[in-house]
Amino acid sequence: MRNDTPPGPPEFTIGELAARTGLSVKLVRHWSDLGIAPPAGRSASGYRRYGPEAVARLDLARTLRDLGLGLAEIRGVLDREQGLAETAAVHADALEAQIRTLRLQLAVLRSAGRRGSTAEELRVLTELTRMSAAEREETIRTFVTGALDGVDAPGYRDALLAATPDLPADPTAEQVDAWFELSALVRDPAVSAGLRAMAEYAAEHSPSVHKKEHVRAAERMTDFWVRRVSAAMADGLAPDSPSADDVVGAVVAEWIPTQEGVTRPAGTAPRTDGAEARGLLLEQLETAADPGVERYWQLICLINGLPVPPRLAAPGEWLMTALRANPAPGALAARNEALYDSDAEGASVALRPDRIVETCATVLGAVGKLVAGVGPDRFRDPTPCADWDVRALLGHLVWENLIWAGLATGADTLPDADVDRLGGDHVAAFRDAAAETLTAFGRPGLPEERFGPAPGWRMVEQLLIEMLVHGWDLARATGQPTGFAPEIADAVLPSVREIYGSLPRTAGGSFAPERRAPRDANGNDRLAAYLGREV
């Protein structure tokens, strides 16, 4: 008898199902119990039997599990309680957030490893990984509003709040470092005070709204003065010299048109270069010259992936010093001319015009002995001059002699300060340069001859001062006696006070603030202390 009943769909034992799907029997049984792949029935012996749909369900379940979905979500998809596309989209968003967190954690760990972070630093960096973008933004908002509380400067406040840091989803280690530094800055009362001082200045002088054209004008002005000042610094121009007056004048001329109706009410801005204009520009620079606030803006740019503006501290100090030393056009030059016109009456015998070249020779001889006492093994040692090691200081001593000799002989070109003039014998280089200087100074009539507004004896006096001061630097750096010409140093100190006493003792100037010399200090030490050396 023939059976024409078509065969039913195939059924699998739990072992056969595991073999088809590549899952373990234990996992198939567990997922079956959870309803992910329920059995189609049971055999006569009571064993589970599964239909073809179980293979498809288990394959999809394994795919969704590998993507990170939970078992409840997987069952919801399989039972069509929620659509696959919707579930995938939701889970993709969650996975993306997790990836961002992992990337941030990776950047934090790399930063901590590179910087050798302490436990406290690692705690702060770890807090960063837990903060949302909104929380990081709120940190800065709280800092800004707290610093500017009660100050009526809405334009300035809005500009600050518009420039909040936005840490990217995949930050670089540099951006993580920047956030770490920024998180410390915003807790620093000094930075908050600096920001408030700028806001108070803005409240007094600036309009309530920062117009784009005003911002662009300010940026152009900053670019201009930084370029001019940086060029002057590269040329070795001292900010507290009369020569800096030309740079100050050019900056002030460019600055004046930016003030009308922007930082000062219409009709009140200065119209020409003068003491008023220079005083106002200096006031602005002093208000803005806060290193903490400058660093705040640099870190904001770093975090946001924007070009980081160059630090303005060095050119800013130069310009402020130049403004203090040249408070009005030609003021410092006029003061120096009056000083040059004064005669040598009352000067010590050693500094009289008829004796000053002889005195200079004595000092050069003493400094030459200090130079001879320096071996090449000391060349890299530091000196009281922060930018020079011993070798650079020796090179400066040689250059000073050559440049004054060139001035005294009316040379067409003067020696470049950046050229290495020591060669392989620094003692011979100094000896030869000193001899050239004394030959030039020994020309008959030089002390009374005029070099610009100054008589020749003042030129000799200037080299004398340079050798006494930098000779002291060399002695101190190399452990040699500093009192190499104490009576001459005592004799020259009144003239030094007269020449340099009114110059600003600031970071950008030629001299640091005067230091106190010990009671038993020799003349060289007293001169060095007056010119800012720690004795």
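Some points to look at:
- Residue match in segment 192-202 (condition: at pLDDT below 75, farther than 30 Å from Leu78 by Cα and open to solvent by 50 Å² or more (accessible area, probe 1.4 Å)): no
- Note on segment 216-254: residues that are in a loop (DSSP other than H, G, I, E, B) and of a type in the set (A, V, I, L, M) total 2.
Residue-wise test of (1) under 26 Å from Asp381 (Cβ atoms); (2) modelled with pLDDT of 90 or more; (3) of a type outside the set (Lys, Arg).
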{"residue": "Glu436", "(1), (2), (3)": "no, yes, yes"}
{"residue": "Arg443", "(1), (2), (3)": "no, yes, no"}
{"residue": "Glu449", "(1), (2), (3)": "no, yes, yes"}
{"residue": "Gln462", "(1), (2), (3)": "no, yes, yes"}
{"residue": "Val469", "(1), (2), (3)": "yes, yes, yes"}
{"residue": "Gly483", "(1), (2), (3)": "yes, yes, yes"}
{"residue": "Ala489", "(1), (2), (3)": "yes, yes, yes"}
{"residue": "Tyr500", "(1), (2), (3)": "no, no, yes"}
{"residue": "Ala507", "(1), (2), (3)": "yes, no, yes"}
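- Within segment 329-356, considering residues that are farther than 20 Å from Arg450 by Cβ, surrounded by fewer than 17 Cβ atoms within 10 Å (Cβ to Cβ) and aliphatic (A, V, I, L, M), the one modelled with the lowest pLDDT: Val349
- Qualifying residue in segment 129-149 (condition: open to solvent by 50 Å² or more (accessible area, probe 1.4 Å), in contact with a Lys or Arg (Cβ under 9 Å, 6 or more places away or on another chain), outside any helix (DSSP H, G or I) and modelled with pLDDT of 75 or more): yes
- The condition of being part of a helix (DSSP H, G or I) and in contact with a His (Cβ under 9 Å, 6 or more places away or on another chain) holds for only one of Val374, Val363, Val367, that being Val367.
- All positions within segment 317-328 that are touching a residue at least 60 places away in the same chain (Cβ under 8 Å) and either on the phi > 0 side of the Ramachandran plot or in contact with a helix residue (DSSP H, G or I) (Cβ under 6 Å, 6 or more places away or on another chain) (or both): Trp318, Leu319, Met320, Ala322, Leu323, Ala325, Asn326
- Qualifying residue in segment 394-409 (condition: over 24 Å from Val460 (Cα atoms), crowded, with 19+ Cβ neighbours inside 10 Å and touching a strand residue (DSSP E or B) at 6+ places or on another chain (Cβ under 8 Å)): no
- Identity of the residue in segment 157-203, assigned to a helix (DSSP H, G or I) and polar (S, T, N, Q), that ends up farthest from Ile300 (Cα to Cα): Ser192
- Complete set of residues in segment 479-492 that are free of Cβ contacts under 8 Å to residues at least 40 places away in the same chain and open to solvent by less than 20 Å² (accessible area, probe 1.4 Å): Ala489
- Tally, over segment 377-393, of residues that are farther than 21 Å from Glu534 by Cβ and part of a helix (DSSP H, G or I): 2
- Applying the set (1) open to solvent by less than 30 Å² (accessible area, probe 1.4 Å); (2) of a type outside the set (Lys, Arg); (3) more than 17 Å from the chain's Cα centre (by Cα); (4) modelled with pLDDT under 85 to Trp179 leaves exactly one unmet item: (3).
- Filter result for Arg476 (assigned to a helix (DSSP H, G or I), open to solvent by 40 Å² or more (accessible area, probe 1.4 Å), in contact (Cβ under 8 Å) with a residue 24 or more places away in the chain and of a type in the set (Lys, Arg)): yes
- Selection of segment 161-183 for residues being of a type in the set (Gly, Ala, Ser), under 18 Å from Thr142 (Cβ atoms) and touching a residue at least 12 places away in the same chain (Cβ under 8 Å) yields Ala163, Ser183.
- The residue pairs whose first member lies in segment 237-255 and is farther than 17 Å from Leu285 by Cα, whose second member is assigned to a helix (DSSP H, G or I) and hydroxyl-bearing (Ser, Thr, Tyr), and whose beta carbons are closer than 8 Å, counting only pairs six or more residues apart or on different chains, are Leu237/Ser243.
- Matching option when the condition is among the hydroxyl-bearing types (Ser, Thr, Tyr) and outside any loop (DSSP other than H, G, I, E, B), among Thr439, Thr482: Thr439
- Any hit, segment 87-96, residues being at pLDDT 65 or above, crowded, with 17+ Cβ neighbours inside 10 Å and farther than 30 Å from Val176 by Cα: no
- Residue that is farthest from Glu317 (Cα to Cα) [pool: residues in segment 494-524 that are part of a helix (DSSP H, G or I) and open to solvent by less than 20 Å² (accessible area, probe 1.4 Å)]: Gly523
The values are calculated or read from the model by the stated rules, or taken from the named source; none is laboratory data. In this text the structure is predicted, and so the values were computed from the model without any measurement. Every residue, glycine among them, receives a Cβ derived from its backbone with ideal geometry; neighbour counts consider all protein chains shown. Only protein heavy atoms, including side chains, enter the accessible area calculation; ligands, DNA and RNA are left aside. Shrake-Rupley method; radii C 1.70, N 1.55, O 1.52, S 1.80 Å.
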